[in-house]
Each structure stands twice: as structure tokens, then as C-alpha cells.
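What follows is a short report on a single structure.
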Amino acid sequence: MATATLTLALATACGGDEPAAGSTDPAAVLKVGASPVPHAEILNYIRTDLAAKEGLNLEVVEFTDYIQPNVALQDEQIDANYFQTVPYLDEQKRSRGYEFTPLEGVHVEPLGIYSRRFDSLDAVPNGAQVGIPNDPTNAGRSLRLLADKGLITLKDTGENAPTALDVDQNAKQLKITEIEAAQLPRSLQDLDLAVINGNYALEGGLTPAEDALELESAENNPNANLLVVRAGEEDDPRVRKLEALLHSPEVKKFIEDKYQGAVIATF
């Protein structure tokens, strides 16, 4: 969180006489908050290779957690953010009252089950320690992945994300602990299994397509990552330019070449 604050402060300090975030001047800098991997990497590719031709002045502000990018957007320190999914955004809107608008999905980072102790789920013993993300949306995704892979069963929660209270059968008596998502790669050495978000897996030196025991399916996955803006600002010409570039053939090829299936374009 301190890293995010420092990065934002430096970005602001270097801005000079640039128009403040929230400007709709087509020539103004568009400040976009993003997780370092893959979101900021994708945005920086756009910034260096594509933006100038479209007349877009893009600045990328990196955040290392899932809380501060929405706080910064609410406070008009940035113009948009690119790190979250619609289910996560919906939960944040309910719990924090944000009035934000999601645009179109760009990519999916399949959630993965990882272990440094076992090479298959069949080898996981009774009473194994399992870490999952502690935010409601990704905790629910993690529990559904564990259920899909036969480790637990869940009660029917409809469209609501399941919680630990919704575990129906737990034949192996797994001990499921919620941990901050960004900490899970570092916590993996102390756990039997961990369910890790794709971006944090990549940041932690894991290759999802090779290292995960199981991966969430990308097909019909509702958890696409996308650009989010304050309600009413989706037609800002700078936002429309960035939205078009995020869905360009060049960005799709960049995602395919750089991430080799660890990140999957949804367009």
C-alpha cells in the first residue's frame, strides 16, 4: 500500500502544469491506475507503442493492492483504473458506495491452485492447509475452483459468491485460511495449497500454465479484467481512445506473445 502511495505521489509531483485528473480535455494526460502485472505492462506497451499515433497522452500509475486503485479513482487522483473484474467491482460498489462504470472485458487471468509440496491434488493429505484470497469475490472464485476440482462441495448460493460458511462437504478436512491476495505467493512455502490470482502468480515468479496444479477455465469466465471509470465519464474521448487500443489486434498479440496462456485476451 505504501508503494502505491509513493508511486502516485511521484506521478503527481512530476506532472508540472499538466491538467488535473478528471479533465476531459482531449489533449490532457489520462492517468490510469493498474496492478503491475499484467495490467501496467499492457498499458505501458500501449503508451510506448500505440498511444502517440492515436493522440493519447497516457500515464500509468501502479498500485500493489486491490483497494487503493478504487480509492484513487473515487478521489479523482486518477481518471480510470485497470485491475478488476465486474464481480469484484459490484462487491466494492455495494460495500463502499462507489459510482463507477465498467467498460468491456480485456483479458482473463485464470485463478490457479499451486503447491510447493505436492505435484497433484490426489497427493494432498487430510487436514491440508489451504490459502485463498481474503476479498469476497476472489474467495468465492477460489472456493468454486476447489469445488470444481473435487476437493470440497458447496451449497447452492445462486449468483452470490460462496463463503467458507457455504462449504457443504469437506472430505479431506481442508483447513482453509483467507490471506491477502498479494501475500499468497510468499505464503505458499508455509501452505500445502494456495489459490492465487494470475497477476500475483506472475509477480511471484510462477508460470500459471506450467506451475499450477489446476487452472480456472477461461471459457465463459465472467471474471474478465477491464477498464473502469467514474460514472458519466465513459464517453471521455481519452477513455474511448484507450478502450479501443485495449481491444486492438496489437494488444491481443502482445498478450498472447508475452504471457503464453497465463493471461488470455477475451476479444
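Please treat every number below as a calculation from the coordinates, not as lab data. Remember, it's a predicted structure, so these values are computed and weren't measured experimentally. Every residue, glycine as well, gets a Cβ built from its backbone with ideal geometry; the counts of neighbours run over all protein chains shown.
Quick notes
- Checked against a 27 Å cut-off, the cross-linked pairs 31/53; 53/253; 93/258 give Cα-Cα distances beyond that limit for 93/258.
- Divide the volume of the convex hull around the Cα atoms of the chain by the residue count and you get 121 Å³ per residue.
- Farthest toward positive dipole pole in the stretch 112-215 [+1 Lys/Arg, -1 Asp/Glu at C-beta], among 143, 215, 202: 143
- Whether the stretch 117-160 is rounded, prolate or oblate, judged on the alpha carbon gyration tensor where a/c under 1.5 counts as rounded: prolate
- Only the Cβ atoms of Lys and Arg (+1) and of Asp and Glu (-1) were treated as charged; on that basis the dipole of the chain about its Cα centre amounts to roughly 400 debye.
- Cα-based reach from residue 175 at 21 Å (exclusive), listing lysines while leaving out same-chain residues under 8 positions away: 149, 155
- Charged-residue dipole, Cβ positions (Lys, Arg, Asp, Glu), the stretch 112-215 about Cα centre, Debye nearest 20: 200
- Each peptide in 32-45, 231-244, 98-111 was scored by the mean count of other Cβ atoms within 10 Å over its residues; highest first, the order is 32-45, 98-111, 231-244.
- Near residue 263: Cβ cut-off under 13 Å, other residues only, Lys/Arg at +1 and Asp/Glu at -1. The net charge is -3.
- For residue 156, neighbours were defined as the other residues whose beta-carbon sits under 13 Å from its Cβ, and their charges (Lys and Arg +1, Asp and Glu -1) total -1.
- Working note: Debye formula, equal point scatterers on the alpha-carbon atoms of the stretch 162-242, no solvent; log10 I(q)/I(0) at q = 0.16, 0.18, 0.20 Å⁻¹ is -0.85, -0.97, -1.07.
- Remark: the stretch 160-267 carries a charge dipole of roughly 260 debye about the Cα centre, counting +1 on each Lys and Arg Cβ and -1 on each Asp and Glu Cβ.
- Relative contact order, whole percent, for the stretch 92-239 stands at 41, derived from Cα pairs under 8 Å and 6 or more residues apart.
- Net charge over other residues, Cβ less than 12 angstrom from the Cβ of residue 185 (K, R count +1; D, E count -1): -2
- In units of the rule-of-thumb radius 2.2 N^0.38 Å, the stretch 112-231 shows an alpha carbon radius of gyration of 1.04.
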